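The values are calculated or read from the model by the stated rules, or taken from the named source; none is laboratory data. Bear in mind that the values here come from a model prediction, so they are computed numbers and not experimental data. Here the Cβ positions follow ideal geometry from the backbone for every residue, glycine too, while neighbour counts run over all protein chains shown. For accessibility, only protein heavy atoms count, side chains too; no ligands or nucleic acids. Shrake-Rupley method; radii C 1.70, N 1.55, O 1.52, S 1.80 Å.
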Amino acid sequence: MEKELLEHGLNMNRRRFLTGLGMGIGGAALGSLLVPDLLNPQSVEDAIVAGLPHFAPKAKRIIYLFQNGAPSQLDLFDYKPKLQQMHGLDLPESIRKGQRLTGMTSGQAKFPLAGTAFKFNQYGEHRAWMSELLPHTSRIVDDLCIVKSLYTEAINHDPALTFFQTGAQVGNRPSMGAWLSYGLGSENKNLPAFCVLLSKGKGNGQGVYSKLWTNGFLDSIHQGVQFSSGEDPVLYLNDPDGMDKTERRKMLDHLSTLNNEAYEQVGDPEIKAKVQQYEMAYRMQTAVPEVTDLSKEPESIIKLYGGDCLVPGTYAANCLLARKLSESGVRFVQVYHQGWDSHGNLPKELAGQCLDTDQASAALITDLKQRGMLDETLVIWGGEFGRTNYCQGKLAKDNYGRDHHPRCFTMWMAGGGVKPGVYGETDEFGYNIVSNPVHVHDFHATALNLMGLDHERLVYKHLGRRYRLTDVAGKVINDLIA
């Protein structure tokens, strides 16, 4: 008990020491937040003030375009002529090797291979294969680092999605954006370090939920701030009826005084975090309307993203807003687009999803590049796992569905110091990885490295254990870094 009290006191003293450094470092990187260097988390001398990376970063910010529901890599990126040749034949057991299946297909007597319904062609310097569903992405292929060898242990949506966002399949762990907010803060004191945007496509949707952008056991200032497509982009931000800015300022000053007195008595850092959140909300009242206003965007940008970018809540609108938020200094923008869960009727559903996302995804890369921002902005595109090479349910001549497949799938990245090209390879059936596997923890370690953070040093001690985004695993994939 005495040891726990001493540790608590040292942590509180460390926070008080850093509070004096305050807002002058890294915008919204608040003085009470640390990047621990951390073999000795109680050492003030070893603590690194938020806003300072471990080493020179290649990227300053991340835009993560999460395609919720798992896009089919076999119909978009990972072209397999063998599947076309063996369409309708049963998946050989020598390829499956008894690997586990979901409850949706484990009872099937047959596993008929399903070749893609879409044409593929090779594009760019690296002759990357791309589906006809991605005409806009095909034009920017030389800017992309296409990783075909991602894998995960999770086989169902909730744990797989949570794993990609937090580094763990269980809940209540800080999300990737929260870790970056904790480590680096924001470059704009008037906007959060971590913002979340939601959209839903025409396909079969899987839900998203606030635990995916939670701060977990980190201070609540690091939680992702969700933007709405409604009249108020951020809910509960406006002053109540009858209160003007002057009265609001006086109220916050009085509230801060009371909270600081409480903090001096009990030393709970959440008190400080609440004060910081109130102040951030006050500053956001001016910043949010400005950053969400698209009326000043030139016609060329509207044409680039497509007309849907003027419809709040669409994927195109969120991609454009993500650029504006990043341009304004937001460290991590998370875009979730639902509708990729194609267990049946895949040809129609996938075509609709690509119609929603292809142009805007490519436009974001082009837009960042022409503004000189792409080199410092890491853009990530991908889902929580892949889809099976065999058909779920009945295989028809012009219709099929695909179940979940965690063994191998494709994501792409652009900008932010990644090396363009194609990385990793799967077997001729698109079922197993045959070269350069990349685990979810490896992906996280590499993304943090591009941001100037050592994943083994970005640590937070909670309930006696030291936690990190990559848990106790992960390695940086240096071949992905330019």
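Observations on the structure shown:
- Filtering region 401-425 to residues that are aromatic (Phe, Trp, Tyr), open to solvent by 10 Å² or more (accessible area, probe 1.4 Å) and within 19 Å of residue 340 (Cα to Cα) leaves nothing.
- Residues in region 94-118 that are among the aliphatic types (A, V, I, L, M) and touching a Ser or Thr at 6+ places or on another chain (Cβ under 6 Å): there are none.
- None of 228, 220, 199, 181 is under 25 Å from the mean Cα position of the chain (by Cα), at pLDDT 85 or above, surrounded by 13 or more Cβ atoms within 10 Å (Cβ to Cβ) and over 26 Å from residue 57 (Cβ atoms) except 199.
- Assessment of region 322-333 against the conditions (of a type in the set (Phe, Trp, Tyr), open to solvent by less than 30 Å² (accessible area, probe 1.4 Å), touching a Cys at 6+ places or on another chain (Cβ under 9 Å) and under 30 Å from residue 405 (Cα atoms)) yields at least one matching residue.
- Selection of helices (runs of 4 or more DSSP H) fully inside region 120-209 by the criterion of at least 2 residues being within 27 Å of residue 431 (Cα to Cα) and free of Cβ contacts under 8 Å to residues at least 60 places away in the same chain returns 157-166.
- Residue check, residue 348 part of a helix (DSSP H, G or I) and open to solvent by 20 Å² or more (accessible area, probe 1.4 Å): yes
- Put simply, of 366, 377 the only residue that is of a type in the set (Ser, Thr, Tyr), within 29 Å of residue 301 (Cα to Cα) and open to solvent by 10 Å² or more (accessible area, probe 1.4 Å) is 366.
- Residue tally, condition under 22 Å from residue 81 (Cα atoms) and either open to solvent by less than 10 Å² (accessible area, probe 1.4 Å) or without any contact (Cβ under 8 Å) to a residue 60 or more places away in the chain (or both), over region 380-392: 7
- Residue tally, condition among the hydroxyl-bearing types (Ser, Thr, Tyr) and more than 27 Å from residue 333 (Cα to Cα), over region 367-410: 3
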